[in-house]
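Comments concern the structure below.
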Amino acid sequence: MSFEELSKKLAELMKDTDQMELINVDLLAEQLQFEFFPSVVTGAVQAALPGIGKVKGPIEWTEAVLKLGEVSFPGTIETIEFVRSNGTKVTLGGQSVPPFYNFLGLEKRNPHPPVVTYDVFDMGADMMLPKPIKVEYKGYLDNPVEWAKFAVDKFGADCITFHSLSIDPGLKDAPVENSRKTLEELLQAVKVPILIGCSGNKEKDVEMFKVTAEVSESERLLLSAADKATWEEVVPLAVKYDHNCLLWTSLDMNNQIKMNKGAMELGLARDRIVMDPTCATLGYGLEYSFSMYQRMRLAGLLGEDNLAFPISGGTTNAWGAREAWMSIKRAPEWGDRQYRGPLWEIYNALSLIVVGLDLAMMFHPVAAQFVKETVNDFFKEAPKVIPESYMDWVSTVIKQ
């Protein structure tokens with residue numbers, strides 16, 4: 001079959017076609033030019049409009065107006081506030097549509113962008129930290145108070161997560177009074193909300209929450225975290241001292257529902273609950289977290305009250321991937337670790353933010369700052385008028 005015959009055959013097959021859909025096609029170009037062979041164009045036009053002669057010259061684009069249909073969900077995500085006694089406030093949640101539905105014409109928009117909180121540890125100088133982290137926080141790792149001030153003053157941190165690792169008996173087995181004292185100093189040093197992290201040792205963590213929740217009673221912070229082994233002890237502390245509480249589960253929606261319901265039965269108000277279904281690392285299970293975050297957010301918007309809460313994620317976990325921290329000497333093909341590590345954390349955070357992550361706990365300050373700026377850009381309303389220059393890279397010509 002000749003090309004002309006094939007063209008006529010395609011034109012005949014397409015005569016009743018209103019649109020074409022290309023599947024599994026990627027277009028990567030600085031300029032895109034569509035070329036139509038005269039026989040194809042002529043055949044297609046004549047098949048659709050008998051009596052029309054050959055098409056000559058460039059094909060003109062027809063202007064069209066994009067009209068959006070009604071976007072409505074029956075559920076609304078709870079609004080959670082972290083409030084300092086000095087008046088500083090950070091707000092999560094309140095969504096009535098999926099993330100970044102800031103389209104032109106939509107009346108419903110999400111009221112609060114995702115928040116980035118900067119990790120600070122009480123034994124940073126003793127940790128085996130990746131070099132890019134050490135470089136950014138050089139001179140501050142041995143002092144969590146100065147570390148937090150540096151994150152706020154230089155990088156504009158809106159929140160600080162203070163992790164008390166040293167209380168773990170497997171590390172330093174420090175007394176929980178040390179955590180209480182450091183938290184008091186942090187509250188004096190920075191004006192932003194502080195999230196109270198823990199060590200992972202169940203017994204010591206409960207002891208630590210008892211003293212830190214009490215000493216910060218005048219603030220509304222976040223006890224991070226209560227899990228299946230500790231929630232029955234940690235939740236009452238959040239209730240007693242009027243704090244928010246992070247409820248952590250391991251990639252299981254049913255367990256998250258069960259824990260959320262149990263926390264409310266213990267008296268925790270709905271506007272004090274933040275969920276954490278576990279943040280897996282890019283390349284090591286991120287797709288599971290992505291799926292779980294997405295399912296939980298959509299379930300909440302679709303009316304599942306027991307999942308209609310803001311979602312947190314430890315995107316710092318990205319540094320657990322060897323691709324993030326391995327030296328260039330051992331893996332030269334992976335590129336410069338100075339950029340690779342932060343990018344790994346950025347990808348982790350943004351991947352989950354687009355499906356419902358409200359609170360990203362991050363480590364590298366430049367990565368955290370970049371995610372914050374990107375979120376703010378994404379959160380802006382779409383422009384009402386699209387400049388003509390946006391279409392300059394697309395053109396249509398007839399190939400003679």
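Quick note: the coordinates plus some simple rules give every number you see, no bench work behind them. The shown structure was predicted, so the numbers you read here are calculated from the model rather than taken from an experiment. So basically every Cβ, Gly included, is an ideal-geometry build from the backbone, and we count neighbours across all protein chains shown.
A few remarks follow.
- Each Lys or Arg adds one and each Asp or Glu takes one away; over the other residues whose Cβ falls under 13 Å from the Cβ of CYS159, this sums to 0.
- Overall, the anisotropy analysis places segment 79-379 in the rounded class: the square-rooted eigenvalues a ≥ b ≥ c of its C-alpha gyration tensor yield a/c less than 1.5.
- The local environment of GLY341, defined by Cβ-Cβ distances under 9 Å, has a net charge of +1 under the rule Lys, Arg +1 and Asp, Glu -1.
- Of the chymotrypsin sites (Phe, Trp or Tyr not before Pro) found in segment 73-103, those that fall in a DSSP loop while having at most 13 other beta-carbon atoms within 10 Å are PHE103.
- DSSP assigns beta bridges within segment 189-323; of those with both partners inside it, close to 10 percent run antiparallel.
- Among the listed pairs LYS108/LYS261; LYS181/LYS240; LYS15/LYS108; LYS181/LYS380; LYS154/LYS228; LYS172/LYS258, a Cα-Cα separation exceeding 32 Å is found for LYS15/LYS108; LYS181/LYS380; LYS154/LYS228; LYS172/LYS258.
- Within segment 79-379, DSSP assigns beta bridges of which about 20% are antiparallel (rounded to the nearest 5).
- Distance from the Cα centroid of segment 141-168 to that of segment 273-344 is 21 Å (rounded to whole angstrom).
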